[in-house]
1. Hey, can you tell me all the residues within region 170-227 that are of a type in the set (A, V, I, L, M, F, W, C), surrounded by fewer than 16 Cβ atoms within 10 Å (Cβ to Cβ) and without any contact (Cβ under 8 Å) to a residue 12 or more places away in the chain?
2. Gly108 fails exactly one of the following numbered conditions: (1) at pLDDT 95 or above; (2) buried (at least 22 other Cβ atoms within 10 Å of the Cβ); (3) not β-branched (Val, Ile, Thr). What is the number of that condition?
3. In region 48-80, which residue that is at negative phi and not in a helix (DSSP H, G or I) is surrounded by the most Cβ atoms within 10 Å (Cβ to Cβ)?
4. Quick check on region 31-47. Is at least one of its residues out of contact with any Gly (no Cβ under 6 Å at 6 or more places or on another chain), among the hydrophobic types (A, V, I, L, M, F, W, C), at pLDDT 85 or above and surrounded by 18 or more Cβ atoms within 10 Å (Cβ to Cβ)?
5. One residue is enough: does region 94-101 have a residue meeting the conditions in contact with a Phe, Trp or Tyr (Cβ under 9 Å, 6 or more places away or on another chain), at pLDDT 85 or above and of a type in the set (D, E, K, R)?
6. Could you check how many residues of region 124-150 are outside any helix (DSSP H, G or I), of a type in the set (A, V, I, L, M) and over 14 Å from Pro61 (Cβ atoms)?
7. Quick check on region 141-180: of everything there that is under 23 Å from Tyr35 (Cα atoms) and of a type in the set (Val, Ile, Thr), which residue is modelled with the highest pLDDT?
8. Return the only residue of Thr184, Thr179 being outside any helix (DSSP H, G or I), hydroxyl-bearing (Ser, Thr, Tyr) and under 14 Å from the mean Cα position of the chain (by Cα).
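The values are calculated or read from the model by the stated rules, or taken from the named source; none is laboratory data. In this text the structure is predicted, and so the values were computed from the model without any measurement. Ideal geometry is used to build each Cβ from the backbone, glycine not excepted, and the neighbour counts take in all protein chains shown.
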Amino acid sequence: MNWYAIRTIYRFEMARARRTLLQSIVSPVLSTSLYFVVFGGAIGSRITQIDGVSYGAFIVPGLIMLMLLTQSVSNASFAIFFPKFSGTIYELLSAPVSHFEIVLGYVGAAATKSIILGLLILGTASLFVPLTIAHPLWMVLFLALTAVTFSLLGFIIGIWADNFEKLQLVPLLVITPLTFLGGTFYAIDMLPPLWQTVTLANPVVYLVSGFRWSFFGSADVSVAASVAMILLFLTACLGIVAWIFRTGYRIRP
């Protein structure tokens, strides 16, 4: 294992985040905090509690998950797309660095940035509402697994995209709508029976539900189903990344 190469890629990506601190850290935290203030203040005054939890506290895990999914995909996709766009990826591919080490460096940095953002938003939310975390170890596990899985998805999107428009296509038209419709701002049992069944086909529901369970001990679906779903995502993404490097899909002429 070439730890020097992994550390170099990782430190380069983390340094890029520090150079664009306003865009990488401040903007996501501020925008998510505005979601919390608007939805928590406007709707929270009309919905007192859900499953014994105040509405302001109830939406915190969903908002963290919303940010985590979108930022993990965006960070990882841009990180690998820009070297491909500028042509410097060929220097990386010709260097004595394995494909696994390349993925580990880029995905590790993207996941780290997303986890930091998630913790910052959690700290910001605790200033507005009292929060208790019923299962802190599970919370960290869900946070880490989700960040890694969707950073891998972002890596795949960055390889697939051949222009900046495609780079934003999946996050804007797929990830964000699925997250909003995945129980971020409401409990699934608040919906009519038909829509409850339809909503269960949304994979993001399982991620939000499991993460919310780690906070409050209540979930819309079983925790086992949530863990199984995220592990299924992770396995699928790993398989696609392995296929990309094996075939050279859009990374070799």
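1. If the condition is that a residue be of a type in the set (A, V, I, L, M, F, W, C), surrounded by fewer than 16 Cβ atoms within 10 Å (Cβ to Cβ) and without any contact (Cβ under 8 Å) to a residue 12 or more places away in the chain, then Leu172, Leu173, Val174, Leu191, Leu194, Trp195, Val198, Ala201, Ala224 are the ones that fit.
2. (2)
3. Start the filter on region 48-80 by keeping residues that are at negative phi, which leaves 48-50, 53-80.
If we keep only those that are not in a helix (DSSP H, G or I) as well, we get 48-50, 53-54.
Working: Thr48: 8, Gln49: 11, Ile50: 17, Val53: 20, Ser54: 16.
Among those residues, the one meeting the criterion is Val53.
4. The initial filter retains those residues of region 31-47 that are out of contact with any Gly (no Cβ under 6 Å at 6 or more places or on another chain), namely 31-39, 41-43, 45-47.
Filter again for among the hydrophobic types (A, V, I, L, M, F, W, C), leaving 34, 36-39, 42-43, 47.
Then drop every residue that is not at pLDDT 85 or above, which leaves none.
For region 31-47, residues out of contact with any Gly (no Cβ under 6 Å at 6 or more places or on another chain), among the hydrophobic types (A, V, I, L, M, F, W, C), at pLDDT 85 or above and surrounded by 18 or more Cβ atoms within 10 Å (Cβ to Cβ): absent.
5. The answer is yes, given that some residue of region 94-101 is in contact with a Phe, Trp or Tyr (Cβ under 9 Å, 6 or more places away or on another chain), at pLDDT 85 or above and of a type in the set (D, E, K, R).
6. Residues of region 124-150 outside any helix (DSSP H, G or I): 126-135.
Going one step further and asking which of them are of a type in the set (A, V, I, L, M), we end up with 127, 129, 131, 133-134.
Next, only the ones that are over 14 Å from Pro61 (Cβ atoms) stay: 127.
The qualifying residues number 1.
7. Ranking the qualifying residues of region 141-180, first place goes to Thr146.
8. Values: Thr179 fails: outside any helix (DSSP H, G or I).
It is Thr184.
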